[in-house]
Amino acid sequence: AVCSMGNSTSRLYSVLAKTLSSGAVSQHQDCLEQLDSARLDPLDPKDLLEECQIVLQKRPPRFQRNFVNLKKNTASNHRPIRVMQWNILAQALGEGKDNFVQCPMEALKWEERKCLILEEILAYKPDILCLQEVDHYFDTFEPLLSRLGYQCSFFPKPWSPCLDVERNNGPDGCAIFFLKERFELISSANIRLTAMKLKTNQVAIAQTLKCHETGRLFCIAVTHLKARTGWERFRSAQGCDLLQNLKNITQGAKIPLIVCGDFNAEPTEEVYREFSNSSLNLNSAYKLLSPDGQSEPPYTTWKIRPSGECRHTLDYIWYSQHALNVNSALGLLTEEQIGPNRLPSFNYPSDHLSLVCDFSFNQDPDRLL
């Protein structure tokens, strides 16, 4: 039985342990029913973090990363909105398909890797969390994060590669989580991306939120575009489709926009240029970490596969640059921190780095975009 929350670590662990036992898609409903009563009780993030650290006590401590202050001399009259973007690595793919040849299988055990993911989220306390490759939504992230005060949404890929893996936990997809105490959901759209007028296997979620503190509306979107070399035109077409959807949702950029995602595209690709040059007037937040404010980070993913070492910049947080300010951004892991065996590892749970930015609204809401 699932215990309701209290001060006892052992009672907390029984809830956490329940989410550790993964099952197939057919078991999702059972899991949700079992966790239904537990979901009603709020969960103290400190208790959950403490429990994660107990599970992880034999692993190296979490890497320290610092926020870089990017604030200009513009005062903000509201708390910043912290947005976290992360491809967390689907468990089925990590164990079954991705062939991280330098990563021991022991480091990929869900019982511990799941706690590393939660530890990272709890450490940065995002107001909005955008994830890709989520294949443990129903048995882990939705039950736990809903009890931390998040409203949760998930849209799976129609033909997820996770389903080809034996003992999978269902399809992977994109997910958005936002704190209900800070935002109200105005509208939500699940988008199956098209390319050359054909529906594809890639998806996006776009939600219009109202900020309780300011009364301002904004749109948050998450996506994960097609992977692999040779699919550049396909990604470009998917990006165009997503941009068109977002233009409609934001009423032609009248509503400020933040787009998070694993675009599987370097800054040299056409889909990157489409977002840079869009009439939505978007900028990539992590460019602001560079000395000239014009260059993306050298990498957001770094792994070793049988074909060799892969070091790429694929993950982005795009934002409406005239409606929103980037107050700060979380620095990336250094090569020394990542280590010679690259990612994932006993230290870090995914092959992609998390990106975290603090945003504030421009103080002139009538300023033209």
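The values are calculated or read from the model by the stated rules, or taken from the named source; none is laboratory data. Every value quoted in this text rests on a predicted model; they were computed, and no experiment measured them. So basically every Cβ, Gly included, is an ideal-geometry build from the backbone, and we count neighbours across all protein chains shown. Ligands, DNA and RNA are stripped out before the accessible areas are found, and what is left, the full protein with its side chains, is counted by its heavy atoms. Shrake-Rupley method; radii C 1.70, N 1.55, O 1.52, S 1.80 Å.
Here are a few things to note about the model shown:
- Partner aspartates and glutamates whose Cα lies under 15 Å from the Cα of Lys97, excluding those fewer than 8 positions away in the same chain, are identified as Glu133, Asp135, Asp164, Glu166, Asp172, Asp351.
- If the segment from Trp231 to Asp292 were pulled out straight at 0.36 nm per residue, it would be longer than the present Cα-Cα gap by 18.9 nm.
- Taking Glu120, Glu184 and ordering them by how much accessible surface each has at a 1.4 Å probe, largest first, produces Glu184, Glu120.
- With DNA, RNA and ligands ignored, accessible area of Met105 (1.4 Å probe; Å², nearest 10): 110 Å²
- Alpha-carbon centroids, segment 295-369 and segment 72-110: separation in whole Å: 10 Å
- Taking the Cα centre of the chain as reference, the dipole from Cβ charges on Lys and Arg (+1) and Asp and Glu (-1) amounts to some 620 debye.
- DSSP-defined antiparallel bridges as percent of all bridges, the chain, nearest 5: 85 percent
- Whole-percent P(r), the chain, all Cα pairs, 20 Å bins from 0: 29, 61, 9.
- Heavy-atom accessible surface of the chain: percent carbon and sulfur, 1.4 Å: 49 percent
- Inverse mean reciprocal Cα-Cα distance (Kirkwood Rh) of segment 258-343, Å: 14.1 Å
- Segment 303-348: equivalent-ellipsoid semi-axes (sqrt of 5 x gyration tensor eigenvalues, Cα, Å): 30, 14, 7
- Beyond 27 Å in Cα-Cα separation lie the following of the pairs Lys114/Lys210; Lys72/Lys287; Lys157/Lys247; Lys226/Lys247; Lys197/Lys287: Lys114/Lys210; Lys197/Lys287.
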